[in-house]
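One structure is given here, and the rest of the page talks about it.
Read-outs throughout are calculated quantities, based only on the coordinates presented, and are distinct from any laboratory measurement. From a predicted model like this one, the values you see are computed outputs, not experimental measurements. Because the Cβ atoms are built from the backbone with ideal geometry, glycine has one as well, and the counts that use them run over all protein chains shown.
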Amino acid sequence: MRLSTLMNPRTCLLCHSLLEGRRDKKFCDDYCRNIHYHQNLGAGDLKVKRIHDVLRKNRKILVECRKLVVDGQTLPFESLEQRGYQFKYLTHIEGAREGHPTYCCFDMGYIIRGQSVEIVQIKIPD
Ligand SMILES: [Zn+2]
C-alpha cells in the first residue's frame with residue numbers, strides 16, 4: 001500500500017472498501033460506480049448522462065484525430081468511425097448558412113469534404 005493511501009485513506013462511495021491509485025478515484029471498480037449512478041440518478045438523468053458520455057467521447061475522438069493532420073488537411077470518414085465516433089450525437093451545427101456546415105461536439109467539429117472530413121476547433125466566445 002502506498003504511503004499516501006495510509007496517510008489519507010479514501011474509500012469507495014458504494015462499498016466503502018479502501019481505494020488505492022488515482023487521487024480522483026471514487027469507486028473501487030466499474031460495478032460499484034454503475035450501481036451508485038443507478039441508485040442516485042433518475043431514469044431521465046441517466047439518459048442525459050449516457051448521451052453526455054457519448055458526446056464527450058466524440059469530442060475526444062475529434063481532438064485525437066485533429067492531431068493527426070496539419071491545418072486544412074482532411075481525414076477519411078473511417079478515421080472517426082473506427083474510433084467509435086457516433087455521428088448522430090452532436091451539440092450544434094455552425095456555418096450551415098455559408099454552405100459548409102460544421103457538425104460540432106462542444107468546441108470541436110468536422111466539415112464534410114467529399115469522402116473525407118476536415119476536423120476543426122470551434123471558437124467559443126468566453
Ligand atoms: Zn466499491
Check: Quick one: putting +1 on the C-beta of Lys and Arg, -1 on the C-beta of Asp and Glu, what dipole do you get for the chain around its Cα centre, in Debye to the nearest 20?
Finding: 420
Note to self: What is the angle, in °, between the Cα long axis of helix 30-40 and the longest principal axis of the Cα atoms in the chain? Nearest 10 is fine, range 0 to 90.
What the structure shows: 90
Next item on the list: Quick one: grab Rg to one decimal and Dmax as a whole number for the range 52-126, Cα atoms only, in Å.
Entry: 11.4, 34
Next item on the list: Using only the alpha carbon atoms of the chain, find the Kirkwood hydrodynamic radius as the inverse mean reciprocal pair distance, in angstroms to one decimal.
Entry: 17.4
Checklist line | Ordering of 17-30, 79-92, 51-64 by packing [mean C-beta count within 10 Å, highest first] | finding: 51-64, 79-92, 17-30
Checklist line | Of Lys49/Lys88; Lys47/Lys88; Lys26/Lys47; Lys26/Lys57, those spanning more than 18 Å from alpha-carbon to alpha-carbon | finding: Lys26/Lys47; Lys26/Lys57
Check: Any idea how far apart Lys88 and Arg23 come out in nm if each label point goes 7 Å out from Cα toward Cβ?
Finding: 4.1
Next item on the list: Taking the Cβ of each residue in Arg33, Arg97 as the centre, tally the other Cβ atoms inside 10 Å and list the residues starting with the fewest.
Entry: Arg97, Arg33
